[in-house]
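Have a look at the structure below before the remarks.
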Amino acid sequence: MKITKVVAVCAAVGVAVAGIAFAAPAYADPVSNSYSLVGSDTLQDAANALANGTTVTGASVRVTAAGNTIGSFDAFGSDAIQTKGSGTYFARPAGSGDGVKALSRSIDGANFSVSGNSTPARAITGLVDIARSSSGPGAAANTSGVLQYFQFGRDALSYAYNGTGIDQLTKAQLTAIYNCSLTTVNGTAVTPVLPQAASGTRKFFLSAIGITTPGSCVVQRGDAENDGTVLVNAGELIPFSVASWVAQSNGAAQDRTGTARLGSAEGSVVPFTGADGSFVPNPTYYADTTFGRDTYVVVEAARVNPSSPKYDPALASLVDPTKSKSLTNFGSGPSTSGAVKTKFGFLAPSTTVSIRANAS
């Protein structure tokens with residue numbers, strides 16, 4: 001990739017997943033023989049590595065449930081997915097919002113559909129066990145809610161861009177760009193772009209810069225998020241997960257940065273540091289209360305509550321941060337899930353206190 005004050009050329013890093021190079025094109029969808037994960041694009045590469053197995057840390061790490069494999073489904077691909085061998089095909093949840101909705105419909109039995117997806121609305125009872133979410137529950141938080149959010153790792157938001165003169169922006173500038181009152185920065189005409197509507201990254205970014213309704217100049221381009229290839233003209237910029245950028249730049253995830261560069265939404269504070277191919281997150285940037293964020297895996301609260309008749313100990317283990325090979329672990333040893341997530345650009349979350357929330 002490219003070098004500015006915060007971006008450098010990526011070097012391929014050998015990453016084997018189940019005997020195949022992890023940076024290769026996406027696999028065919030799995031069919032889980034235990035639990036299924038859907039939702040956020042930001043979390044999918046790290047979650048896929050944990051579900052499929054990886055040696056990115058130098059040790060073999062794979063998260064399983066009572067000895068059974070788990071299936072992590074990409075946010076984008078074919079319209080329909082089948083998460084369980086005996087289950088129906090249903091619309092692919094495209095991002096955090098759709099992932100949490102799919103989990104909610106899996107619990108309550110109502111039909112599930114995705115806007116713009118050709119797959120008919122269908123009942124998906126019991127077909128989704130875990131939602132990946134790059135944002136918390138927000139106003140849906142409720143101490144007696146049916147859902148429970150567990151921290152996956154700490155990420156931060158910035159923006160990818162094409163062109164020159166826009167490598168460092170402030171929150172105020174980003175607000176003005178996305179409400180269309182600022183159209184030129186340092187002599188560069190800027191065009192704000194957003195990812196698809198169900199994106200947790202989009203939701204978090206707009207909230208961070210205080211935008212409820214984007215201005216009329218804002219472009220929505222493509223279905224994917226954390227994808228620099230959608231920026232085709234000079235001066236375009238789009239919200240981008242720093243963790244995803246680090247993972248793609250290091251070769252731990254498929255590189256979709258294209259010709260874009262990563263800017264800093266915190267002015268002169270760089271999002272990451274390190275040498276080519278071994279970038280690491282900048283803790284100072286991630287600690288920012290505006291652009292830093294915890295990310296989550298979401299489950300039905302009753303299934304991880306030992307006093308509930310629905311308690312599922314294998315599912316509970318998957319979201320137990322004290323287990324070295326769980327989705328929520330953030331240990332430092334090479335055989336831990338935490339070490340894998342670090343390679344994918346995540347830091348330890350700001351807290352491990354889970355959050356209950358209403359269904360979506």
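The values are calculated or read from the model by the stated rules, or taken from the named source; none is laboratory data. All of these numbers come straight from a predicted model, not from anything done at the bench. Neighbour counts are summed over all protein chains in view; Cβ atoms, including those assigned to glycine, are modelled from backbone coordinates with ideal geometry. Side chains are part of the model used for accessible areas, which takes the heavy atoms of the whole protein and leaves out ligands, DNA and RNA. Shrake-Rupley method; radii C 1.70, N 1.55, O 1.52, S 1.80 Å.
Under 5 Å between amide H atoms, partner at least 5 residues away or on a different chain: which partners does GLY39 have, H built in plane at 1.01 Å?
It is GLY95, ARG132, by chain and number.
Keeping all protein chains in place and using 1.4 angstrom, which order do SER36, SER118 fall into by accessible surface area, from largest down? Please list the in-between numbers first.
Working: SER36 0, SER118 95 Å².
Heavy-atom accessible area, descending, gives SER118, SER36.
Where the centre of each part is set by its Cα atoms, how far does segment 29-51 sit from segment 243-291, in angstrom?
Between the Cα centres of segment 29-51 and segment 243-291 lies a distance of 23 Å.
Pairwise over distinct Cα atoms, reciprocal of the mean inverse distance: report the Kirkwood radius of the chain in Å, one decimal place.
20.3 Å is the Kirkwood radius here.
Counting only heavy atoms of protein chains, what accessible area per residue, in Å², does segment 36-122 have with a probe of 1.4 Å? Could the numbers behind the result be given before it?
Numbers: 2810 Å² over 87 residues.
Per residue, segment 36-122 has 32 Å² of solvent-accessible surface.
Starting from the Cα of THR125, step 7 Å along the direction of its Cβ; do the same at SER144; then give the gap between the two resulting points in nm.
So the label points at THR125 and SER144 sit 2.5 nm apart.
Any aspartates and glutamates with Cα under 14 Å of the LYS101 Cα? List them, leaving off those in the same chain fewer than 8 positions away.
Correct list for LYS101: ASP129, GLU300.
How high is the relative contact order of segment 190-318, given as a whole-number percent (alpha carbon pairs under 8 Å, six or more residues apart)?
RCO, segment 190-318: 18 percent.
Within segment 317-359, report the chymotrypsin sites (Phe, Trp or Tyr not before Pro) that DSSP leaves as loop and that have at most 10 other Cβ atoms within 10 Å.
Answer by residue number: there is no such site.
Starting from the amide H of SER326, placed 1.01 Å from N in the peptide plane, find each other amide H under 5 Å away whose residue is 5 or more places distant or on another chain.
Placed amide hydrogens put SER337 under 5 Å from SER326.
Under the Karplus relation 6.51 cos²θ - 1.76 cosθ + 1.60, θ = phi - 60°, what is the ordered set of whole-Hz ³J(HN,Hα) values for segment 65-77, x standing for Gly and Pro?
10, 6, x, 9, 6, 10, x, 10, 9, 4, 6, 9, x
Roughly how many Å² is the accessible area per residue of segment 157-287, as a whole number, for a 1.4 Å probe?
On a per-residue basis, segment 157-287 sits at 35 Å².
What length, rounded to one decimal in nm, is gained on full extension from VAL269 through to THR322, with 0.36 nm per residue of separation minus their alpha-carbon distance?
15.8 nm
Which far-off residues, 5 or more places away or on another chain, put their amide H under 5 Å from the one on VAL219, with H placed in the peptide plane?
Sorted by chain and number, the residues that satisfy this are VAL193, LEU194.
Using +1 on the beta carbon of Lys and Arg, -1 on that of Asp and Glu, and nothing else charged, what's the dipole of segment 88-203 about the Cα centre, debye to 20?
120 debye
At a threshold of 8 angstrom on Cα-Cα distance, excluding pairs fewer than six apart, so keeping six or more, what relative contact order does the chain reach in percent?
Details: 944 pairs, mean separation 87.7, N = 360.
Relative contact order of the chain: 24 percent.
Can you tell me, using C-alpha contacts under 8 Å and at least 6 residues apart, the relative contact order of segment 114-203 as a whole percent?
Once divided by the residue count of segment 114-203, the mean separation gives 26 percent.
How many percent of the accessible area of the chain is carbon or sulfur, using a 1.4 Å probe? Display every interim value, and only then the final one.
Numbers: 6950 of 13240 Å².
Percent of accessible area from carbon and sulfur atoms in the chain: 52.
Ignoring ligands, DNA and RNA, how do TYR178, TYR311 rank by accessible area with a 1.4 Å probe, largest first? Please list the in-between numbers first.
Values: TYR178 0, TYR311 85 Å².
Putting TYR178, TYR311 in descending order of accessible area: TYR311, TYR178.
Suppose the Debye formula is applied to equal point scatterers at every Cα of segment 46-99; what is log10 I(q)/I(0) at q = 0.26 Å⁻¹?
-1.05
Take every DSSP beta bridge with both residues inside the chain and express the antiparallel ones as a percent of the total, to the nearest 5.
Here the antiparallel bridges make up roughly 75 percent for the chain.
Averaging over all projection directions, find the projected area of the Cα convex hull of segment 157-287 and quote it in nm² with one decimal place.
Taking the Cα atoms of segment 157-287, their convex hull projects to 7.4 nm² on average.
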